[in-house]
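For reference, the structure discussed in these notes is given below.
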Amino acid sequence: MMKRQDPNKRIQWIILLIFSPFFFVISIGETEETPYPYSPLMDRLIQDGFDPEFLSKILMDARADLNLFILVNYLNLRSRESPELYSKFLTRESILLSKKFLHENRRPLRIAEKRFQVEKEVIVAILLVESRFGENIGKYRVIPTLASIAMMDSPEHLQNNFQTLRENDPYLNLTYEWVEDFAKKKAQWAYHELRCFLKIIREEALDPLEVYGSYAGALGMPQFIPSSYLHYAVSKKGFTHWLLNKDEAIYSIGNYLRSHGWRKNLSMKKKEQILWTYNHSEPYIKAILQVANRIREK
């Protein structure tokens, strides 16, 4: 685990980073040297215009260490979507909780319904499934989560992922090439989302390493990925306030769905297509629509 460095060593590290674009080492003792895992990522971020000192304060913190669980299990986490996963949201307790939330927040929900033409029951269903109305906004630090996924296409991580998948399910017909292609796509996606998150927190008075989200870096009550926050969040007081603000969560979901084509009286097929942009999961889509219907029932 990386130790915090004093300012003099940090300055030395920044100089090394600038003049060594591919690889460097950081001294963590008088005789011991360890490759810095984020050096390729840091180089890309600096080339994209981020300040080296800003990055070093974040990525050299011990809390930003590579998340090995995410690196090894990300593919497995992505494959866990099933109807059974969402059955808990259709229980009587969950529906009563949803109706209670609708009643207590009927004013912002009515405003959202009028402004964005999105049914209030759909917004409530999304908030239930995404975070149980803010009770569960995620247990993973967002920065090391996205940074780790952004590194998953490196040769050593590719090999580990491939071996883990084969060991977990020997009958799974996966090739190394498929895993490599998937990892490259997700690494590029995560790098883009990491850049977006760094843009968000650059102007915020908060500790960026104490922001938690999902295993995919989704944030707040609506579980927006960072790019969705930048494009669709309705936020008057900034990101920190938005994370657990019910009104802004409601308006943000309404704005997101409206921006993707949601209108009242849409066909079921069109609703499913728009919800797919929110979460690429058929069981998720069916659960949202079923919960919304159950909330409407008297």
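This table checks each residue for (1) over 18 Å from the mean Cα position of the chain (by Cα); (2) at positive phi; (3) open to solvent by 80 Å² or more (accessible area, probe 1.4 Å).
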| position | (1), (2), (3) |
| --- | --- |
| H231 | no, no, yes |
| K237 | yes, no, yes |
| L243 | no, no, no |
| S259 | yes, no, no |
| Q273 | yes, no, yes |
| N279 | no, no, no |
Self-check item: Pick from the range 26-45, criterion under 19 Å from S148 (Cβ atoms) and open to solvent by 40 Å² or more (accessible area, probe 1.4 Å), ranking: modelled with the lowest pLDDT
Solution: T34
Practice problem: Output the residues belonging to the range 277-298 that are of a type outside the set (D, E, K, R), under 15 Å from A125 (Cβ atoms) and not in a loop (DSSP other than H, G, I, E, B). | Solution: Y278, P283, Y284, I285, A287, I288, L289, Q290, V291, A292, N293, I295
Quiz item: Yes or no: F50 in a loop (DSSP other than H, G, I, E, B) and at pLDDT 95 or above?
Solution: yes
Quiz item: On the given criteria, is L85 touching a residue at least 40 places away in the same chain (Cβ under 8 Å), open to solvent by less than 30 Å² (accessible area, probe 1.4 Å) and not charged (D, E, K, R)?
Solution: no
Exercise. Could you please find all residues in the range 220-240 being assigned to a helix (DSSP H, G or I) and in contact with a Ser or Thr (Cβ under 7 Å, 6 or more places away or on another chain)?
Key: Y232
Self-check item: Any chance K271 is part of a loop (DSSP other than H, G, I, E, B) and out of contact with any His (no Cβ under 9 Å at 6 or more places or on another chain)
Solution: no
Quiz item: When you go through (1) open to solvent by less than 70 Å² (accessible area, probe 1.4 Å); (2) touching a strand residue (DSSP E or B) at 6+ places or on another chain (Cβ under 7 Å) one by one for Y212, which number turns out not to apply?
Solution: (1)
Quiz item: Among (1) hydrophobic (A, V, I, L, M, F, W, C); (2) open to solvent by less than 30 Å² (accessible area, probe 1.4 Å); (3) assigned to a loop (DSSP other than H, G, I, E, B), where does I250 come up short?
Solution: (3)
Practice problem: With the condition kept exactly as written, say whether any residue in the range 176-185 is touching a helix residue (DSSP H, G or I) at 6+ places or on another chain (Cβ under 7 Å) and small (G, A, S). | Solution: yes
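The values are calculated or read from the model by the stated rules, or taken from the named source; none is laboratory data. All values reported here derive from a predicted model rather than from experimental measurement. We place every Cβ from the backbone using ideal geometry, glycine too, and count neighbours over all the protein chains shown. Heads up: the accessible areas ignore ligands, DNA and RNA and are worked out on the full protein's heavy atoms, side chains in. Shrake-Rupley method; radii C 1.70, N 1.55, O 1.52, S 1.80 Å.
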